Amino acid sequence: MSDTGVTVKKSEDFSEWYTEVILKSELADYAPVKGCMIIREDAYAMWEKIQEIFNKKIRATGHRNVYFPMFIPEGFLKKESEHFAGFVPEVAWITQGGDTPLEEKLAVRPTSETIMYATFAKWIRSWRDLPVKINQWCNIVRWETKATKLFLRTREFLWQEGHTAHATSEEAEKEVMDILQEYKDVMESYLAIPVLIGVKSDSEKFAGAHYTTALEAMMPDGKALQMGTSHNLGQNFAHVFDIKFIGEDEKEHYVWQTSWGITTRLIGAVVMVHGDDKGLVLPPKVAPVQVVIVPIPYKGADSTAITAKAKETAAKLKAKNLSVVVDDREEYTPGWKFNQWELKGVPVRIEIGPRDLKQQQVTVARRDTYQKTTVKEDEAADAVEKLLEEIQSNLYNRAKKALDEKITPVQNYSEFADALKEKGGFIKASWCGNPECESKIKDETGATIRVLPFQQESIAANCVYCGQQAKKTVYFARSY
RNA sequence: GGGGCCGUCGUCUAGCAUGGAUUAGGAUACAUGCCUGGGGCGCAUGCGAUCCUGGGUUCAAAUCCCAGCGGCCCCA
């Protein structure tokens, strides 16, 4: 028995399944340094797709890409004390260059607010210089000491960080929400992962932010995953870094700022949410290979005709801008190839054998449902294109259903505990707004407030923990 | 933050309890040749191991002890 396939069932040992799928589908590999990973071809290709999608969105709204250095002088980080306190436990420091100790140690960026904003102070003079809307794609380092997990928590990861400065609070506020919506679209329309959006509680907000908005998804094991954040920084950093401009009113003002990011963690979410016992199941819109064609050459059959037909079909699909691979390797049997491409999550497989040739058809198999049908040869390209759309929406609908099933409204703390114990997921509950209740709940159950949804609806009059007058309806969950 | 498990050819592993004799064995992968082909084909031959690293115990260590490195899981 071969062990090249996935040996663990997703429903039986989720963690093990996750690791195994990633390694065997060759998305990633471990690096020699603890908590670091190698992002392999297919995963990187997905990251590039995400970059393409998001770049297009932010360019359309006037943002431009830049690159700042990865070394940040300690003094910069220390300027905003809350920010520094939030990040210092996991900053990697450079203290020596060659043989020479550095006079001031350098942080390997855990995020770039400080180095960017020191520069903003130089760039911004007048209201005419605003808004500043920049973004960078880069790596960052957060020296995790706790458990690391492929894609979800590694010491180094890739992300994009957008940073903006505006003349007014309203404008910054709008930016935060616009970006949040763009993120939501990336996740739902492209990654096929539904998310809950809202504001973070103070204890969970970004260190140094005025407030943080976030997008939260639900994983099949009942744990929430933060998919992205968009922060309203208010004027905190502006004051610290002295980012001022002369307004139209001829007076001096501090800028209003935002920052926002998504990371390679999204790839881990795709694996978790859509994958199955055979391996990855990739949403067509971000799949590096959308269609694989496997010729079935029988002994005695006209294998040149079969291969020719496979290539011809591939050409038709490519003409529709689809990414297609013809797997004409002779050293593997068709059955072996089916399994391998399923492991890699390719959404659609086309089989072309003597039978198809004779009947001028192709056999089409979809990854999400394993359904196999035959399609007339000249209709194949259109049919596949349509099928890919169908798979994309099927994956989203499946995930949406799973999310909805994992949201439990509760009236009191015993219901809260039961729901969390039984199925995990999001617990929708009323909260008085006191951080102490939040913190006690965390200590007792491991669940934290993931978001305070924008659309508030009252589900109970009293706080789920202390019984005092409730102020907010929030989603709790255990999280990654 | 706390607890537990693990590390042997590229990969999965046997051997470890009770130290010595398996030449560290097998499967898979890889290479070559044949045979096959609509769900991980078959046969033959071949290649492939610092038993994670360092130290200790011992006449003798993959096996026991300690430390380090790396991985996994669970709990809060």
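Things worth noting here:
- Single residue of the stretch A:40-59 satisfying the filter (more than 16 Å from A:Glu26 (Cβ to Cβ) and touching a strand residue (DSSP E or B) at 6+ places or on another chain (Cβ under 9 Å)) that is surrounded by the most Cβ atoms within 10 Å (Cβ to Cβ): A:Ile50
- Taken together, the criteria place A:Glu438 among residues that are in contact (Cβ under 8 Å) with a residue 12 or more places away in the chain and part of a helix (DSSP H, G or I).
- Within the set A:Leu282, A:Leu357, A:Leu343, the sole residue that is of a type in the set (A, V, I, L, M), surrounded by fewer than 23 Cβ atoms within 10 Å (Cβ to Cβ) and under 30 Å from the mean Cα position of the chain (by Cα) turns out to be A:Leu343.
- For the stretch A:234-276, the tally of residues that are of a type outside the set (Val, Ile, Thr) and either under 22 Å from the mean Cα position of the chain (by Cα) or at positive phi (or both) stands at 14.
- Residue within the stretch A:317-334 that is in a helix (DSSP H, G or I), more than 7 Å from RNA strand B (Cβ to nearest atom) and among the aliphatic types (A, V, I, L, M) present: yes
- Test for A:Gly62: is it more than 22 Å from the chain's Cα centre (by Cα), surrounded by fewer than 17 Cβ atoms within 10 Å (Cβ to Cβ), touching a residue at least 24 places away in the same chain (Cβ under 8 Å) and not in a helix (DSSP H, G or I): yes
- Test: residue in the stretch A:62-73 that is of a type outside the set (Phe, Trp, Tyr) and out of contact with any strand residue (DSSP E or B) (no Cβ under 8 Å at 6 or more places or on another chain): yes
- Qualifying residue in the stretch A:37-44 (condition: part of a helix (DSSP H, G or I), within 15 Å of the chain's Cα centre (by Cα) and hydrophobic (A, V, I, L, M, F, W, C)): yes
- Answer residue from the stretch A:362-376, given it is more than 7 Å from RNA strand B (Cβ to nearest atom) and not in a strand (DSSP E or B) and is surrounded by the most Cβ atoms within 10 Å (Cβ to Cβ) among those: A:Arg367
- Candidates A:Ser25, A:Ser112, filtered to the one that is touching a strand residue (DSSP E or B) at 6+ places or on another chain (Cβ under 8 Å), of a type in the set (Ser, Thr, Tyr), surrounded by 18 or more Cβ atoms within 10 Å (Cβ to Cβ) and more than 30 Å from A:Ser230 (Cβ to Cβ): A:Ser25
- Top-ranked residue in the stretch A:442-480 [being surrounded by 18 or more Cβ atoms within 10 Å (Cβ to Cβ) and among the basic types (Lys, Arg); ranked as nearest to the chain's Cα centre (by Cα)]: A:Arg450
- The selection criterion, being within 26 Å of A:Leu196 (Cβ to Cβ), over 17 Å from the mean Cα position of the chain (by Cα) and not in a loop (DSSP other than H, G, I, E, B), does not hold for A:Leu225.
- Yes/no for A:Phe426 being hydrophobic (A, V, I, L, M, F, W, C) and touching a Leu at 6+ places or on another chain (Cβ under 8 Å): yes
- Selection from the stretch A:217-249 of residues that are within 30 Å of A:Glu405 (Cβ to Cβ) and without any contact (Cβ under 8 Å) to a residue 24 or more places away in the chain: none
- Among residues of the stretch A:245-278, those that are modelled with pLDDT under 95 and in contact with an Asp or Glu (Cβ under 6 Å, 6 or more places away or on another chain), counted: 1
- The set of residues in the stretch A:202-242 being hydroxyl-bearing (Ser, Thr, Tyr) and either surrounded by 22 or more Cβ atoms within 10 Å (Cβ to Cβ) or within 16 Å of RNA strand B (Cβ to nearest atom) (or both) consists of A:Ser203, A:Thr212, A:Thr213, A:Thr229, A:Ser230.
- Lone unmet requirement of (1) assigned by TED's automatic domain parsing to the domain that holds A:Pro220; (2) within 11 Å of RNA strand B (Cβ to nearest atom); (3) surrounded by fewer than 17 Cβ atoms within 10 Å (Cβ to Cβ); (4) in a loop (DSSP other than H, G, I, E, B) for A:Pro69: (2)
- Total residues in the stretch A:115-173, condition part of a loop (DSSP other than H, G, I, E, B) and more than 16 Å from RNA strand B (Cβ to nearest atom): 6
- Residues of the stretch A:9-22 satisfying the condition of being in a loop (DSSP other than H, G, I, E, B), more than 10 Å from RNA strand B (Cβ to nearest atom) and surrounded by 12 or more Cβ atoms within 10 Å (Cβ to Cβ): A:Lys9, A:Lys10
- Residue match in the stretch A:37-58 (condition: modelled with pLDDT of 90 or more, near RNA strand B (Cβ under 10 Å from one of its atoms) and either touching an Asp or Glu at 6+ places or on another chain (Cβ under 7 Å) or closer than 19 Å to A:Arg265 by Cβ (or both)): yes
- Any hit, the stretch A:78-91, residues being without any contact (Cβ under 8 Å) to a residue 60 or more places away in the chain, under 23 Å from A:Thr111 (Cα atoms), over 25 Å from the mean Cα position of the chain (by Cα) and part of a strand (DSSP E or B): no
The values are calculated or read from the model by the stated rules, or taken from the named source; none is laboratory data. Small disclaimer: the values here were computed from a predicted structure and weren't measured. With ideal geometry, Cβ positions are generated from the backbone for all residues, glycine too; neighbour counts draw on all protein chains shown.
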